Every structure is written in C-alpha cells, then in structure tokens.
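In what follows, a single structure is set out as structure tokens and then discussed.
The values are calculated or read from the model by the stated rules, or taken from the named source; none is laboratory data. Since the model is a prediction, treat every value here as computed from it, not as a measurement. Here the Cβ positions follow ideal geometry from the backbone for every residue, glycine too, while neighbour counts run over all protein chains shown.
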Amino acid sequence: MNTLTPSTLYILLQPRTFPSIFHWSFYITGTREPSTSGTMHDLTNSGGSQLWTYNSIPINLLDPNPTSPAIAAIKVDVIDDMEMLREAMEECLSNIPRTYSSLFREEMSCRVWVKEALWGLDQGGFIDLGRRGNVFGIQGVEMDVVRAGLVAMWRGIFGVYEYELGLGLKEVG
C-alpha cells in the first residue's frame, strides 16, 4: 500500500458486485505520516431505499477489509490548515443534499453525492478545483475517476492517482 499525502482529500473507490461499478466516498488523510489513517465520508442506503445516510468513520487503509477493500484513491486537493478546517469541512460534507441532484440532474447515489460535495467544498473555499470547479469540470473529474478505478481493478492492486497540470490524471503509486 502506498502512503498517501497528509492533510489531503481523496476520492476513494471500492468495488461492487457488478464490474465497473464502484462505491464512491471521500477519504481525508491525517495530518501526520503515515497517511493511511484518516476519515472516510460517504453516503449509503439500505437495500435500495431512497433514504440516504451520511457516514463519517475513522479508518486505516492498511487494515484488511475483506468485504470491500479500497481499490483506488484519487487525490483531489491538499487542505491547508487541516486541523483548523477539519470540523467546518466535515460539517459542510454532512450538509450536502441527499436527494435528487438538481445541479447534476441525477437521482442520488454515492457517486452523485461525491460530485455534489466537490461542488460544495469548492464553493465553500475548502478545496480549489480550478477550471474543474463547475458542473462540466466535475463531470470530467467523474470520468477520470472511473477510468482510474477500472485500471486499478484490471491490475488487481490499490492505485493512487493525482492530477498533473495539462496532462490530466496520472498514477503516482
């Protein structure tokens, strides 16, 4: 397992039973090495219901999770002053809408919630998506994240990815 960057927001993918479909969540690494310990933020529902629940749980990516191991982490942004901003950022995530997305015009899912949260975090000043900080840019991020997840599944190993200016998403570990 590659160590992740401290004080960083990642999109974390976990495989589902169907090929090329993932459970999407956010992973915020701790402020110190090793950065495999952090907090996972996600949205889940029970048995296909329309009632979505926000979850925030501390996890260590090195701990084995046989039911749903992470297969890819895609770096979104390093969070300056993480200790000071953590509580406000987590409150922002907990307040992201959990119903139909009027912004992306889709029914709610863990994937749609991550897109809504990217928008909210960028608008709130917690992260800087730059040119990707709009609906079309976030949809481009979505396509890149899916590609990274498919590559990691195909290789059968955990992959760490980040954006490189002008080149798009690249594997860094």
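Annotations for the structure displayed:
- Any hit, the stretch 70-80, residues being in contact with a Pro (Cβ under 8 Å, 6 or more places away or on another chain) and either under 23 Å from VAL160 (Cα atoms) or of a type outside the set (A, V, I, L, M) (or both): yes
- Lone qualifier among LEU150, LEU93, LEU85, LEU121 - being more than 19 Å from LEU12 (Cα to Cα) and in a helix (DSSP H, G or I): LEU85
- From the options ILE96, ILE79, residue that is under 26 Å from SER20 (Cβ atoms) and surrounded by 15 or more Cβ atoms within 10 Å (Cβ to Cβ): ILE96
- Qualifying residue in the stretch 110-127 (condition: without any contact (Cβ under 8 Å) to a residue 12 or more places away in the chain, over 17 Å from LEU51 (Cβ atoms) and either in contact with a strand residue (DSSP E or B) (Cβ under 6 Å, 6 or more places away or on another chain) or surrounded by 17 or more Cβ atoms within 10 Å (Cβ to Cβ) (or both)): yes
- Subset of the stretch 96-114 [outside any loop (DSSP other than H, G, I, E, B) and farther than 25 Å from ALA152 by Cβ]: SER101
- ALA70 meets each of the listed conditions (1) within 17 Å of SER25 (Cα to Cα); (2) of a type in the set (A, V, I, L, M); (3) modelled with pLDDT of 90 or more apart from (3).
- Of residues in the stretch 134-168 being in contact with a helix residue (DSSP H, G or I) (Cβ under 7 Å, 6 or more places away or on another chain) and in contact (Cβ under 8 Å) with a residue 12 or more places away in the chain, the one farthest from TRP119 (Cα to Cα): PHE158
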